[in-house]
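K.L.:
Would you mind keeping the following structure in view while I ask a few things?
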Amino acid sequence: MTLIALGLNHTTAPVEIREKVAFSGEILPEVLSDLKQKSGIDEVAILSTCNRTEIYCSLDEVHQQDLMHWLSGFHKLKLQDIRPFMYSYPDATAVKHLLRVACGLDSMVLGEPQVLGQLKSAYKTAVSAGSIGQLLERLFQHSFRVAKDIRSNTEIGNHPVSIAFAAVRLGQQIFGNLTNRTALLVGAGETVELTARHLHDKGLQRMIIANRTLERAQHLASEFSAYAISLDDIGSHLDEADILITSTGSQQPIISAEMVRLAIKKRKHRPMYIVDIAVPRDVDPEAGKLDDVYLYTVDDLQGVINENMRNREQAAKQAEEIIDTHVSQFMDWMYTLDTVSTVRAIRENAESMQQEVLEAALKRLRQGDDPEILLKELARSLANKIIHAPSVQLRNSSQEQKDELIRAARTLFALAPENKDKK
């Protein structure tokens, strides 16, 4: 059996291809059960996200092509339309690929942690579907441990590389614990939503969301138990904000330096941290000159992100070294599976021969044959049966195969090295 990782991702396929081969979470259990019944597939799990669709399975080598045909057929696609975007990694390469995925080294954003949660979800789905066996169970658990090891022993996750996360992390550096702080988020697009999520994850308990459309603000606020206001009400609430993060599509500043000055006065000069992500800017740049105001633009954060990306790339080199070690450890274990199954087959074959010879001897013993003669014949017959198949293989092999088989036979049967000088 061969371990295979078959799929495509953001580096090999554009989004219009990725979306065509994606699996929704609702149908995955049925899909896994269907695949498990396919000839040659012992175990299978599927990771399907916006950036990748990957099938991890153990199967006979001759069925690898069948797996591609199945994938294209399931999605009603022509194989030639997706084959150029596909990759297929066997054994050690498949193990290394999964470990890199789990650690965020194969992600669009280097070192991002979300994919590990997606991988754990894929594993749980496969377990529920009954499509996980000894090999994939060990592989997935191994990948989870390696990801934890790399998060603990490198700095790959310590440097934010998204605007939203960088904004929140910088706020933590200014205020420390965010639990008792208030944030005012202006806008309701993807960046503001992601910022709200990061703030919520960091324990911030009070959030105000302002948007031109109050209904949209209310919709986003409901997810985080926040308070929704319109843009016209910002001035009335600005003094409550320890953190102000704004990202709208306005062509003119919506928060003037005077509005910030009045808010600081009402706050009795408690510091205010402002991140203006918008282009054009939402906050009058003059506000940054006021005492107790920390104003950052998207360009300021980009500098932080670029520096952090360099730090992540350095940490990624350490992570790759750790992964290589763990790939070797896993493959050592995987090879023992072949050894165990082969030893078991040899033992079962020998026991079958033993039983056959023994039954024949007992039958003759009951007929009155001489026990001593029977014992000698039993020993000779059993020895002949055991060496028959290896002898035939040696005789029928080619010269090149014969040399290899002879070396293997002498090792397996603990024979002394052949003395070729002996006449």
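The values are calculated or read from the model by the stated rules, or taken from the named source; none is laboratory data. From a predicted model like this one, the values you see are computed outputs, not experimental measurements. All Cβ positions, even for glycine, are placed from backbone atoms using ideal geometry, and neighbour counts span all protein chains on display.
K.L.:
From the set of residues in segment 31-80 that are acidic (Asp, Glu) and without any contact (Cβ under 8 Å) to a residue 60 or more places away in the chain, which is surrounded by the most Cβ atoms within 10 Å (Cβ to Cβ)?
P.N.:
Residue satisfying both the conditions and the ranking: Glu54.
K.L.:
Something else about it: Can you find a residue that is in contact with a Gly (Cβ under 6 Å, 6 or more places away or on another chain) and either at pLDDT below 95 or buried (at least 22 other Cβ atoms within 10 Å of the Cβ) (or both) anywhere in segment 219-226?
P.N.:
no
K.L.:
I'd like the full set of residues that are at pLDDT 85 or above and in a loop (DSSP other than H, G, I, E, B), limited to segment 344-403.
P.N.:
Passing the criteria: Gln367, Gly368, Asp369, Asp370.
K.L.:
Restricting to segment 158-172, and then to whatever is β-branched (Val, Ile, Thr) and under 14 Å from Gly303 (Cα atoms), can you tell me which residue is surrounded by the most Cβ atoms within 10 Å (Cβ to Cβ)? First the steps, then the outcome.
P.N.:
Taking segment 158-172 as the starting set, the residues that turn out to be β-branched (Val, Ile, Thr) are 161, 163, 168.
Still in the running and under 14 Å from Gly303 (Cα atoms): 161, 163.
Numbers: Val161: 18, Ile163: 20.
Per the stated criteria, the residue is Ile163.
K.L.:
Still on this model: If we keep just the residues of segment 116-160 that are part of a helix (DSSP H, G or I) and among the small types (Gly, Ala, Ser), which is nearest to Glu307 (Cα to Cα)?
P.N.:
Initial filter on segment 116-160 (part of a helix (DSSP H, G or I)): 116-128, 134-153.
This time we only want the ones that are among the small types (Gly, Ala, Ser), so: 117, 121-122, 126, 128, 143, 147, 152.
Numbers: Gly117: 26, Ser121: 32, Ala122: 33, Ala126: 39, Ser128: 42, Ser143: 28, Ala147: 23, Ser152: 21 Å.
Residue satisfying both the conditions and the ranking: Ser152.
K.L.:
Which pairs do you get when a residue that is surrounded by 24 or more Cβ atoms within 10 Å (Cβ to Cβ), found in segment 96-109, comes within reach of a residue that is assigned to a loop (DSSP other than H, G, I, E, B), reach meaning Cβ atoms under 6 angstrom, with the pair 6+ apart or on two chains?
P.N.:
Gly104/Gly111; Gly104/Glu112
K.L.:
In segment 176-195, how many are surrounded by fewer than 20 Cβ atoms within 10 Å (Cβ to Cβ), of a type in the set (D, E, K, R) and farther than 17 Å from Val279 by Cβ?
P.N.:
Number of matching residues: 1.
K.L.:
Okay, next question. Looking at segment 313-334, is at least one residue in a helix (DSSP H, G or I), more than 30 Å from Val109 (Cβ to Cβ) and without any contact (Cβ under 8 Å) to a residue 60 or more places away in the chain?
P.N.:
So in segment 313-334, the residues in a helix (DSSP H, G or I) come out as 313-334.
Of the ones still in play, those that are also more than 30 Å from Val109 (Cβ to Cβ) are 332-334.
Subsequent filtering for residues that are without any contact (Cβ under 8 Å) to a residue 60 or more places away in the chain retains 332.
Looking through segment 313-334, at least one residue is in a helix (DSSP H, G or I), more than 30 Å from Val109 (Cβ to Cβ) and without any contact (Cβ under 8 Å) to a residue 60 or more places away in the chain.
K.L.:
From the list Arg83, Arg100, which one is in the same structural domain as Leu8 (by TED's automatic domain parsing) and in contact with an Asp or Glu (Cβ under 6 Å, 6 or more places away or on another chain)? Quick ask: steps written out before the conclusion?
P.N.:
Working: Arg83 fails: in contact with an Asp or Glu (Cβ under 6 Å, 6 or more places away or on another chain).
Testing whether each residue is in the same structural domain as Leu8 (by TED's automatic domain parsing) and in contact with an Asp or Glu (Cβ under 6 Å, 6 or more places away or on another chain) leaves just Arg100.
K.L.:
I'm checking my understanding of the structure. Among residues of segment 1-56 that are in a helix (DSSP H, G or I) and acidic (Asp, Glu), which one is farthest from Ala92 (Cα to Cα)? Walk me through how you get there before you give the answer.
P.N.:
As a first pass, look at segment 1-56 and keep what is in a helix (DSSP H, G or I): 15-18, 28-36.
Keeping just the survivors that are acidic (Asp, Glu) gives 16, 30, 34.
Numbers: Glu16: 30, Glu30: 29, Asp34: 26 Å.
Checking each candidate, the answer is Glu16.
K.L.:
Still on this model: Restricted to segment 247-260, and to residues that are outside any loop (DSSP other than H, G, I, E, B) and among the aliphatic types (A, V, I, L, M), which residue is farthest from Thr179 (Cα to Cα)? Outline the logic, then answer.
P.N.:
The initial filter retains those residues of segment 247-260 that are outside any loop (DSSP other than H, G, I, E, B), namely 255, 257-260.
Checking the rest, the ones that are also among the aliphatic types (A, V, I, L, M) come to 255, 257, 259-260.
Values: Ile255: 25, Ala257: 27, Met259: 26, Val260: 23 Å.
So, considering only residues that are outside any loop (DSSP other than H, G, I, E, B) and among the aliphatic types (A, V, I, L, M), the one farthest from Thr179 (Cα to Cα) is Ala257.
K.L.:
Right, next: Residues of segment 206-218 being modelled with pLDDT under 95, touching a strand residue (DSSP E or B) at 6+ places or on another chain (Cβ under 6 Å) and either surrounded by 22 or more Cβ atoms within 10 Å (Cβ to Cβ) or acidic (Asp, Glu) (or both), which ones?
P.N.:
Correct list: Ala217 only.
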